[in-house]
Structure formats: C-alpha cells, structure tokens
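Taking it in order: structure first as structure tokens, then the write-up.
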Amino acid sequence: MNGIKTALLLGLLSGCLLVGGQAIGGQRGLLYGLLLAIGMNFFSYFFSDKMALMSSGAQPVSETEHPEIYRRLAPLVRSLAERMGIPMPKLWVTPDSSPNAFATGRNPQHASVAVTAGILQIMNDHELAAVLAHELGHVKNRDILISSVAATLASAITYLAQMAMWFGGAARDDRDRREGSPFGMLLMIFLAPLAAGLIQMAISRTREFSADATSAKTLGTSQPMINALVKLDSVGRQIPLDASPSMSHMYIMKPFSGGGFLKLFSTHPPTEERIAALQSLNL
C-alpha cells in the first residue's frame, strides 16, 4: 500500500513542478519543470534520506563517533531490531536541545534513526527504548520512504514557489512572457501550501498510531511510550524544535516552532489521542 502511495505522491508533486515551471517560464519553464521532476524523482528515491539527515544537522553515531551515545543507543536499537526482525539501522544524533527523533531511508536495509541531544537528556532507558521502537516501527511498516520522498519534493516545490515570487518575471523572455500569465504565477506562489496538503493526504495520521502500537507491543507494555509522549509534548512546548516545515512530519512529535504556515504540514494526531489509543491496547 505504501508503494502505491509513494507512486501517487511522486506523480502529483511532479505534476505540480510541471505546472509551476510553465507558470513561471512558459514552454521553456515547462521543459525545466520536466527535467526537475525527473531529477527529483531519482534523487528522492536514492538520496532523500541523506537530505533529511543533512537538513537536521545529524551526525553519525558509532564506536568512534560519539561513543558515549553509541554505548547507550546501540544495545537498545540492536535488541529492538532483532525482536522486529529487521536489520539494525544506522544511528545519528542532532544537536537540538528540543527532544525528538525520526527515521529515514528507502527500506529497512537502508534505514537510519536519528535522535536529538535533548531527548537523550530527558528520557530514561525505558522511555528511550519506547521512542526507538516507535521509529523502528516506521522502518518495519515501511513508512520511511514516503516520508522522505514527501520532504524532498515538498522542498522542491517550496523553492519553485519562491522563485515564482522573486525571480519569475525577470527570467522569462518576450515569448515566454506571452505564454506564462501573471495569474499562473500567482497560483504557483500558493503551491507550497498545496504541497503541504498533498503530504497530509499521502501520509495518514494513522501511521503514528500504528508506530505507537508497534512500540508498545514490542516492549510488552504501553506505559513507557505513554511516559515518553508526555515528556515529548511538555518539554517540546518549552523548547521548540527549529525544524524545516517540509520535514516536520518525519518526527515522532510535531515540532512546536513556527506559526500558521507550519501548521499546514501537521500530520500528527493530538498527543491526548495517541495516549488514549495506547491505553486502550490490551497488553
């Protein structure tokens, strides 16, 4: 099912790039949009995980890089991965003091799990294991490819919308100016919110409930995940995460930084609903 969603997302967002290119530069813009769509589709599948990690400022965690973090994370992740029957992912840490985590990669064989420095400070090992099991649940359920693709292509459309606003008129020659209308450019400026809407359609909020449930079932109890969500919600509000809007859906908890525009990218259920769903599990 996620394979179908990924294909639909690629097609829809690629169409937005073509329409946007034509709106900015007429026939020449349409050609540029086509080339950009082809390039982004290829890039999204093979390199979107690297873009997500780079965007978050993630640093690798290993026996030689951040060894103290590795000694804490590796045994937990290795044990959880074995229970779920998936390969152990690569480990990363971001310098953010706000507590959060995300998973990325095109499949379980090429997966990465990143945690913030803040989450390591506030979570005990039981709560941290629950968070890691949640992210590994996304890996096992193959949610991470569509999340990474959505982040990459939404960023491309946002960039194209900015070009329409600031540089579109100057970039067209006389022929293109006749083909590309001001109304089309105005529509292009609103493609970034449209991309956010497409993300919401493509990435169902039920995947967060599913990953929460996977965490609880893997650990045999819901309480560590409930405790983790309470801390993530409370501390996250006090120390907002400065995350890119186009990748905010990848985190275990919705980043609380930003205003109304960021809310367009909200794909997380309310924390209270997630806790209620965990409490209803018969474990």
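The values are calculated or read from the model by the stated rules, or taken from the named source; none is laboratory data. Small disclaimer: the values here were computed from a predicted structure and weren't measured. A quick note on method: Cβ atoms are made from the backbone with ideal geometry, for glycine too, and the neighbour counts reach across all protein chains shown.
Considering region 237-262 alone, what residues qualify as being at pLDDT 75 or above, in a helix (DSSP H, G or I) and surrounded by 23 or more Cβ atoms within 10 Å (Cβ to Cβ)?
Once the filter is applied, which keeps residues that are at pLDDT 75 or above, in a helix (DSSP H, G or I) and surrounded by 23 or more Cβ atoms within 10 Å (Cβ to Cβ), region 237-262 yields Ser248, His249, Met250.
Please identify the pairs in which a residue from region 211-236 that is more than 13 Å from Leu283 (Cα to Cα) has its Cβ atom under 9 Å from the Cβ atom of a residue that is aromatic (Phe, Trp, Tyr) and not in a helix (DSSP H, G or I), counting only partners at least 6 apart or on another chain.
Going by the 9 Å Cβ cut-off, the qualifying pairs are Asp233/Phe256; Gly236/Phe256.
Could you say whether any residue in region 135-149 is in contact with an Asp or Glu (Cβ under 7 Å, 6 or more places away or on another chain) and touching a residue at least 60 places away in the same chain (Cβ under 8 Å)?
yes
Can you tell me how many residues in region 223-236 are surrounded by fewer than 22 Cβ atoms within 10 Å (Cβ to Cβ) and either more than 20 Å from the chain's Cα centre (by Cα) or small (Gly, Ala, Ser) (or both)?
Within region 223-236, residues that are surrounded by fewer than 22 Cβ atoms within 10 Å (Cβ to Cβ) and either more than 20 Å from the chain's Cα centre (by Cα) or small (Gly, Ala, Ser) (or both) number 7.
Of the residues that sit in region 43-90 and are in contact with a strand residue (DSSP E or B) (Cβ under 9 Å, 6 or more places away or on another chain) and assigned to a loop (DSSP other than H, G, I, E, B), which one is nearest to Thr214 (Cα to Cα)?
Pro89
Taking region 42-94 only, how many residues are within 24 Å of Thr218 (Cβ to Cβ) and among the charged types (D, E, K, R)?
Residues flagged as within 24 Å of Thr218 (Cβ to Cβ) and among the charged types (D, E, K, R) within region 42-94 amount to 7.
Kindly establish whether Glu127 is within 20 Å of Asp233 (Cα to Cα) and surrounded by fewer than 24 Cβ atoms within 10 Å (Cβ to Cβ).
Spelling it out, Glu127 is indeed within 20 Å of Asp233 (Cα to Cα) and surrounded by fewer than 24 Cβ atoms within 10 Å (Cβ to Cβ).
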